[in-house]
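First the structure, in the form of structure tokens, and then the observations on it.
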Amino acid sequence: MMMSARSLRILVAILALGLIGATPIASQQTTTAQSEQIYLALGDSIPAGLLASLPTERGYPAVLRNLMETHRLSSDSPGNVELINLSEPGETIESFIEDGQLESALSEIEEAPDGAMQTITLTIGGNNILSLWESTPAEREAALENFEAGFADVVEELDEATTGMDVDVVVTTYYDLTEGDPSVEGSNAWWLMQFNDVIRDAAGEADFSVVDLSDEFTDRITELTWFPADIHPNNAGHQMIARTIWQQLGYDQEPPDVEITRPDSDEVRSRTPTIHAIATDDVSIETVLLEIDGEAVSELIYVADRERWIGVWDARDYPDSSAVIAVRAIDVSGNEEIDSIPVMLPSR
């Protein structure tokens, strides 16, 4: 499925804005004299946080850094996490190599204290893709070959620079704004897949982790980006990217704690009982689900002044006189824990 002329004009205009006089709005460096770990973010306007409501706090590198530091504070070796974000709006693979971002990244890696560089993320290639929406197949093929060579060079440089270091390098792919069918050869979706395949293959050669944004954003483009007004992630999109990378890193393996506090006995007086639960986690709770007899029926809502997750089970049409009420807590890393209680229900 091809993009509409209006959408293409929007993309070309945004691309031009990114490439002309690109202001490094998120080329920020959060420095701390006592920093013990470093997170280095590299790439284009997405990791720069462009069009997040506050890029230095709500762009995905800032959100990821906060998750990393919160996890460290709850660990046996607490300490600060320093975010060094070199990302530049409008960056292409060519400008990444030629205009200094790669060189700066290599310098940061080399100059980091022993054991301090923990995580590197790389999101690059989106502007190369965008520039080709109205190009001929031959032009796209030539650009893909150039991107493949340039991206391989970048991965090789980063791989060599981090050899012998205990550092996690995560590379992201790109989401499909057209939400088209990548199996249709020659479509925009198909060409995006070719670029994403280059990213995956090169990252795999270096044993870097890959976070596939094309999967995470599928059928959620208008929810997670500003499209059709703009191509960039909104705050929810940046949260999604950060959470997905965090889960890929696998730093947090501890499940949350969860306890049902109501009902507090094996009998309930109503067929619309209120369910209360306490759910806590060292990093962050993502979702708390109410389950009946092993089937999820709803999400509980956190009520801050009660410090409880609360919901109601409507059992008026439930056919049996007994049930197992369970509450499943899922943290931001995808770890789960469940608490359950068998109950007797009043007659209908």
Notebook entry, point to check: So which residues in segment 301-321 are closer than 16 Å to R262 by Cα and either loosely packed, with under 15 Cβ neighbours inside 10 Å or in contact with a Ser or Thr (Cβ under 9 Å, 6 or more places away or on another chain) (or both)?
Noted result: I301, Y302, V303, R306, E307, R308, I310, G311, V312, W313, D314, A315
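The rows are residues; the columns are (1) part of a helix (DSSP H, G or I); (2) under 20 Å from G90 (Cβ atoms).
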position	(1), (2)
T121	no, yes
E134	no, yes
A138	yes, no
E145	yes, no
A152	yes, no
E157	yes, no
E160	yes, no
D166	no, no
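Does segment 239-265 hold any residues that are polar (S, T, N, Q) and under 30 Å from L42 (Cβ atoms), and which are they? Spell out the reasoning first.
Step one: filter segment 239-265 for residues polar (S, T, N, Q), giving 239, 244, 247-248, 253, 261, 265.
Q239, T244, Q247, Q248, Q253, listed by residue number.
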Next item on the list: Please name all residue pairs, on different chains or six or more residues apart, with Cβ atoms under 8 Å, provided the first residue is in segment 137-149 and is within 14 Å of N188 (Cβ to Cβ) and the second residue is at pLDDT 95 or above and not hydroxyl-bearing (S, T, Y).
Entry: R140/W191; A143/N128; L144/W191; L144/Q194; L144/F195; L144/V198
Notebook entry, point to check: What is the residue count in segment 322-340 for residues that are buried (at least 17 other Cβ atoms within 10 Å of the Cβ), in contact with a Ser or Thr (Cβ under 9 Å, 6 or more places away or on another chain) and of a type in the set (A, V, I, L, M)?
Noted result: 6
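Among the candidates G100, G125, G79, G164, single out the residue that is more than 25 Å from the chain's Cα centre (by Cα), among the small types (G, A, S) and closer than 24 Å to P61 by Cβ.
None of the others qualify; the one that does is G100.
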Next item on the list: Within segment 285-299, identify whether any single residue is modelled with pLDDT of 95 or more, closer than 30 Å to D212 by Cβ, in contact with a Phe, Trp or Tyr (Cβ under 7 Å, 6 or more places away or on another chain) and not basic (K, R), and answer yes or no.
Entry: yes
Margin query: Please return the ranges of strands (runs of 3 or more DSSP E) entirely within segment 271-322 where 1 or more residues are charged (D, E, K, R).
Written below: 285-292, 295-299, 308-312
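When you go through A202, A236 one by one, which is the residue that is in a helix (DSSP H, G or I), touching an Asp or Glu at 6+ places or on another chain (Cβ under 7 Å) and of a type in the set (G, A, S)?
On the way: A202 fails: touching an Asp or Glu at 6+ places or on another chain (Cβ under 7 Å).
Exactly one residue qualifies, and that residue is A236.
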Item checked: Residue within segment 207-230 that is surrounded by fewer than 16 Cβ atoms within 10 Å (Cβ to Cβ), touching a Ser or Thr at 6+ places or on another chain (Cβ under 8 Å) and not in a helix (DSSP H, G or I) present -> yes
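Specify the residue that is nearest to Y251 (Cα to Cα); the eligible residues are those in segment 93-136 that are of a type in the set (V, I, T) and touching a residue at least 60 places away in the same chain (Cβ under 8 Å).
So in segment 93-136, the residues of a type in the set (V, I, T) come out as 93, 97, 109, 119-121, 123-124, 129, 136.
Filter again for touching a residue at least 60 places away in the same chain (Cβ under 8 Å), leaving 93, 109, 119-121, 123-124, 129.
On the way: I93: 29, I109: 21, T119: 11, I120: 14, T121: 15, T123: 21, I124: 24, I129: 32 Å.
Looking at residues that are of a type in the set (V, I, T) and touching a residue at least 60 places away in the same chain (Cβ under 8 Å), I get T119.
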Check: (1) within 14 Å of V258 (Cβ to Cβ); (2) in contact (Cβ under 8 Å) with a residue 40 or more places away in the chain: which one isn't true of I278, the others all being true?
Finding: (2)
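The values are calculated or read from the model by the stated rules, or taken from the named source; none is laboratory data. Bear in mind that the values here come from a model prediction, so they are computed numbers and not experimental data. Here Cβ is always computed from backbone atoms with ideal geometry, including for glycine, and neighbour counts include all displayed protein chains.
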